[in-house]
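The values are calculated or read from the model by the stated rules, or taken from the named source; none is laboratory data. Please read these numbers as outputs of a predicted model, since none were measured by experiment. Counting neighbours? That spans all protein chains shown, and the Cβs are built from the backbone with ideal geometry, glycine included. Surface areas here come from the heavy atoms of the whole protein model, side chains and all, with no ligands, DNA or RNA. Shrake-Rupley method; radii C 1.70, N 1.55, O 1.52, S 1.80 Å.
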Amino acid sequence: MEIKKIGLIALAASFIGGAAAIGAYKLIERPNDSFTLADRQKTMFASNVSGISSAGAPDFVQAAAAVSPAVVHIKTTYQGKSSRDSGMPDMFEQFFGFGGGMQRGRRQPQAASGSGVILTPDGYIVTNNHVVDNADKIEVILSNRRKATAKVIGKDPNTDLALIKVDVDNLPYVKMGNSDNVQVGEWVLAVGFPLDLQTTVTAGIVSAKARNIGILNRDNGMMTEEEYDEYRRTGKQPSRTNNSIESFIQTDAAINPGNSGGALVNANGELVGINAAIASQSGRNEGYGFAIPINLAKKVLEDFKKFGSVKRGFIGVTFTALDADVAEELKIKENTGLYVRDVLPGGAAAAAGIKEGDIIKKVEGISIYDSPDLQERIGRMSPGDKVALTVLKADGSTKNINVTLKGESSVALAAKSDNSKSTGASISKLGASFAPATAAQKAKYGVKNGVVVTNVVPGQMFDYWGVKKGLIITKINGTDVNSAADIEKALPTSRDGRTTIAGVSDEGAFTFSFNGN
């Protein structure tokens, strides 16, 4: 009799366990799209433990097998646009092998490709912004060779991240890990579609963390030629308001063009980074690859899903990372931390009492040595969030300050009112005349606006820069132009006192800047 009872209890337990498993499966099968990506990942992996271990001698077979099916090939097509229409700066061209240096852009191929990583079974895919930016069509090739057209949910040039979605269910997906736990010297795998090859897995170690390599830029514009030359000579970033966030994980796992947007995973098969760039003189792997930390990506991707864009919080300062040389230049004793050069009026830092000349030493109790240490932490936060800073004041005292971050609009207004400087430029100084671009001309170059250079005066500015008749100018100081009046209005001021001109010709897109005085 007792044996029968035990048997019945076991049978009931098995039934309940099976029902729970079916319930969990149904929850995954029909996900609630209002859940965050992180919450859905926790639900999916709570009853789907990978069982992969990184203990003992490295063996990447299980990790590669778990991740590879969820890394997809992304192919994009364009309608007559040039590589520079997408905002891809010269440094991307150098890192990704589209040509080197500060040369003028050339015509972009009609098709390009990259990689992406599936995060949920219903088709949310993370990739790089530069993989899908300005594409007319985005095609995703799944591991089973099936094709699906993707739509963009959100994209952000300041982090080079994008979230896209395909309307396909029951897809394999990758577990997001914790990039804060990644250690220098740890084994990692890079998975993607380099050089148009099929799924490719390479192995290496984490070489460094919190790398700033100057590849992302402010305001969807490039470094000026002078700033870029200075960066190449010294390796130091220009001191300026910069909305981009670079805090890359550096790895020597082989990363090549086409790996962009692919997975960087640890030996447990967990996604710790999104591959984004290589440092190379040849445009091919030379042992230096860079990935966006997944902890930064989580916040950005969630904003894409909720709002379609990133809702970033800003401190409202410009700063310079201190080292021995900078400290000597500034005539101060401190050689670590971030030296505050400017405080935007009305910004979060100003409201908290941070002043020019202060040195930010810690964020959330963690010591700061370079800009990525602060920028990545702030990049994970939203307007209204509070961040704890330890600040060394100019009088030598140390204060712990809670700063309530403000939205981009307040910072933009402060920057506009206080940072506009005279460029000294005018149409007469350019030495050219202009006419509105015709519909046929705009269609030819794939631009939506622009003015045509109708005449160039010998010996004056445009002649010096080699600007020819027939070239189309699309932007002056970041402002779209459609007439000579628009040019006259856009020329007098800019944020840095320089004139920046962007346009397109038969040779491709171009951008150049100069001091107007």
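The table for this structure:
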item: Stokes-Einstein diffusion coefficient of region 259-306, Kirkwood radius over Cα pairs, 37 °C, 0.692 mPa s, in µm²/s; result: 277
item: Rounded FRET efficiency, nearest 0.05, which uses the C-beta distance separating residue 34 from residue 465 and R0 of 56 Å; result: 0.60
item: Kirkwood hydrodynamic radius of region 439-485, from inverse mean 1/r over distinct Cα pairs, in Å; result: 11.5
item: Pairs of lysines in region 278-385 (C-alpha under 25 Å apart; 8 or more residues apart or interchain); result: 13
item: Rg in Å to one decimal, and Dmax rounded to a whole Å, for region 152-221 via C-alpha atoms; result: 15.7, 40
item: Simple label model, 7 Å out from Cα along Cβ direction - residue 168 to residue 506, nm; result: 4.3
item: Calculated FRET value between residue 145 and residue 61, using beta carbons and R₀ = 22 Å, to 0.05; result: 0.45
item: Cut-off under 5 Å, modelled amide H: who pairs with residue 175 long-range; result: 271
item: Per-selection Rg to Rh, region 278-394 - Cα, Kirkwood hydrodynamic radius; result: 1.04
item: Area accessible to solvent at residue 115, 1.4 Å probe radius, in Å²; result: 0
